[in-house]
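Below: the structure, in structure tokens.
Taken together, the values in this text are just the output of simple stated rules run on the coordinates, not laboratory data. Please read these numbers as outputs of a predicted model, since none were measured by experiment. Counting neighbours? That spans all protein chains shown, and the Cβs are built from the backbone with ideal geometry, glycine included.
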Amino acid sequence: MRIAVDAMGGDAAPSEIVKGAVNAAQKFSDHVMILVGDQNQIQSELELIGTNVKNITIVHSSQVVGMSESATVSVRKKIDSSITKSIKLVAENGADAVVSAGNTGATVAAATLFLRTLESVKRPGIAVALPTLHGVCLVIDAGANIKCKPAHLLQYGVMASVFCKYILNIEKPRVGLLNIGEEDVKGNDLVKEAFKLLSNSPLNFLGNAEGRDFFDGKFDIVVCEGFVGNVLLKFAEGLAMSLLSAFVSEAEKNFWTKLGIQLCKPTFKQLHSRNDYAEYGGVPLLGIDGICIIAHGRSDSRAIQNAIREAIVFGKHQVNKHIVSDLERAEASLVAAI
């Protein structure tokens with residue numbers, strides 16, 4: 001595969017992005033990394049690393065989309081940005097996948113505009129795996145679409161189920177719909193209508209999911225609109241960091257608790273690994289006619305390497321092909337139910 005890597009996207013760009021791409025090029029030597037961005041800066045980073053990896057190429061772009069810039073404006077006005085150029089490489093068959101730790105909104109907008117959506121897909125969705133006590137819970141959508149319709153939520157459930165089956169090896173993922181209560185009469189009109197669609201679909205739909213259900217292993221997938229999903233994701237991330245900080249602060253107040261921390265270090269490392277976004281690398285933008293992996297804005301080289309790995313695995317298992325066929329089956333079942 002040829003993976004276009006947005007070398008200028010992210011808080012640590014281009015140094016950590018280039019380093020991650022080099023590490024990926026060395027580990028996945030059968031694949032080509034295309035670094036997109038300012039050629040001089042990228043070349044300087046490659047020289048600092050001091051490697052001569054042959055499966056890396058550079059495509060120059062003269063513009064960068066800032067993390068706080070308007071997504072739609074930046075895509076229209078910065079046509080030579082590293083994000084847009086990376087995605088256009090895929091659209092024009094110059095690459096097979098794109099990885100970016102840059103402005104998420106701009107990545108979604110450019111991918112939707114230039115790659116378009118898969119057949120029958122109404123809106124793409126960002127799928128994020130939240131670590132739980134029993135594995136992970138896939139949340140979709142985490143911010144791609146903030147004005148959902150019931151049909152969008154149904155399609156999110158189908159796309160996430162395909163991802164769970166072929167990437168996470170969960171044969172029959174359990175799907176829940178985020179709501180304010182378990183009863184099907186609760187929630188706003190969007191959720192109530194989506195509940196009906198999901199109930200009549202071939203998905204393994206278990207009903208409504210409340211916020212507390214994310215971490216107890218009841219669901220493998222929780223479906224929600226992008227506004228809610230993005231708030232949920234950032235709240236969970238902030239809460240985890242806050243709790244860890246508070247724990248360390250309290251534990252360092254006396255000798256015995258400090259000693260306890262040292263004795264429990266191996267356990268803490270395992271726990272940190274399970275909850276470290278860098279281990280997962282990036283998250284897929286499902287429903288796009290191409291492979292688009294969105295990495296965390298604070299990604300380091302390890303996260304970028306793992307995001308590239310995710311793109312390779314996504315392509316290997318032909319996830320998009322399965323999404324199209326499963327959506328056709330879901331729509332057929334709904335027609336039959338009517």
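Values for this structure:
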| item | result |
| --- | --- |
| Nonlocal amide H pairs with Thr132, under 5 Å, H built at 1.01 Å | Cys137 |
| Segments 159-167, 184-192 sorted - mean Cβ within 10 Å per residue, highest first | 159-167, 184-192 |
| Chain lengthening between Leu168 and Lys54 when straightened (0.36 nm per residue, less Cα-Cα) | 37.9 nm |
| Theoretical ellipticity at 222 nm over the chain - DSSP helices of four or more residues, -39500 (n - 2.57) apiece, nearest 500 | -15500 deg cm²/dmol |
| Spatial extent of the chain: Rg and Dmax, with the Cα atoms as the point set, Å | 20.7, 68 |
| Backbone HN-Hα couplings from phi across the stretch 71-87 [Karplus 6.51/-1.76/1.60, Hz, Gly and Pro as x] | 4, 5, 5, 5, 5, 6, 8, 9, 6, 10, 6, 5, 5, 4, 5, 4, 5 |
| Cross-link pairs Lys122/Lys218; Lys149/Lys196; Lys147/Lys218; Lys149/Lys316 - those with Cα-Cα distance over 23 Å | Lys122/Lys218; Lys147/Lys218; Lys149/Lys316 |
| Per residue convex hull volume, Cα atoms of the stretch 47-144, in Å³ | 175 |
| Where N is the number of residues in the stretch 133-222, Cα Rg divided by 2.2 N^0.38 Å | 1.00 |
| In sequence order, calculated HN-Hα J values of the stretch 181-187 (Karplus, 6.51, -1.76, 1.60; Hz; x Gly/Pro) | x, 6, 5, 6, 8, 8, x |
| Descending semi-axes in Å of the stretch 125-280, equivalent ellipsoid built from Cα gyration tensor | 34, 16, 13 |
| Pair Phe247, Arg212: separation of 7 Å Cα→Cβ label points (nm) | 2.1 |
| In Hz, Karplus ³J(HN,Hα) per residue of the stretch 125-140 (6.51, -1.76, 1.60; θ = phi - 60°; x = Gly, Pro) | x, 8, 9, 10, 8, 8, x, 10, 5, 10, x, 9, 10, 8, 9, 9 |
| Amide hydrogen neighbours beyond the local backbone of Ala144, cut-off 5 Å, H modeled | Ile126 |
